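Here the structure comes first, spelled out in structure tokens, and everything after it is commentary.
Values quoted throughout were computed directly from the atomic coordinates according to the rules given, and no laboratory measurement underlies them. Bear in mind that the values here come from a model prediction, so they are computed numbers and not experimental data. FYI the Cβ positions are ideal-geometry reconstructions off the backbone, even for glycines, and counts take in every protein chain you see.
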């Protein structure tokens, strides 16, 4: 094996080893959002009485932060990961950030105490989420 081949092999190995922690971080952020956001009644386990409105806001906030974090981590993975996975990770990250933007817009519109009108600016993020996600999944090798 020549020095160039050895360096290339090491670089390829480093790229393969660098991707799984980022993938685990994305999956971890999504799981935290799903667990805490889907089961906001966990707040009641600590013995605190929480109103439904506060519980829903906490759940939506946690889901939004988790999806936004996962989106940013997916974009970081696209930039630092293997070249073959750059485009899929980019589309997955953009999908998560589109959903996050839609959820933030919805939460801002709903903070007035009433349901936002449909359609609203939040629907743009929600509607962009699925096509971006589909492209990212279909581009996956």
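Summary of values
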{"quantity": "Cβ crowding within 10 Å averaged over residues, with 76-82, 111-117, 129-135 ranked highest first", "calculated": "76-82, 129-135, 111-117"}
{"quantity": "Distance in nm between pseudo-label sites at residue 115 and residue 138 (7 Å out along the Cβ direction from Cα)", "calculated": "3.3"}
{"quantity": "Peptide ranges 90-103, 59-72 listed from the most packed, as the mean C-beta count within 10 angstrom indicates", "calculated": "90-103, 59-72"}
{"quantity": "Three-way shape call for segment 77-119 based on the alpha-carbon gyration tensor, with the a/c threshold at 1.5", "calculated": "prolate"}
{"quantity": "Label zone at residue 123, where the point sits 7 Å out along the Cα-to-Cβ direction: segment 72-116 residues whose backbone N lies under 20 Å", "calculated": "98-116"}
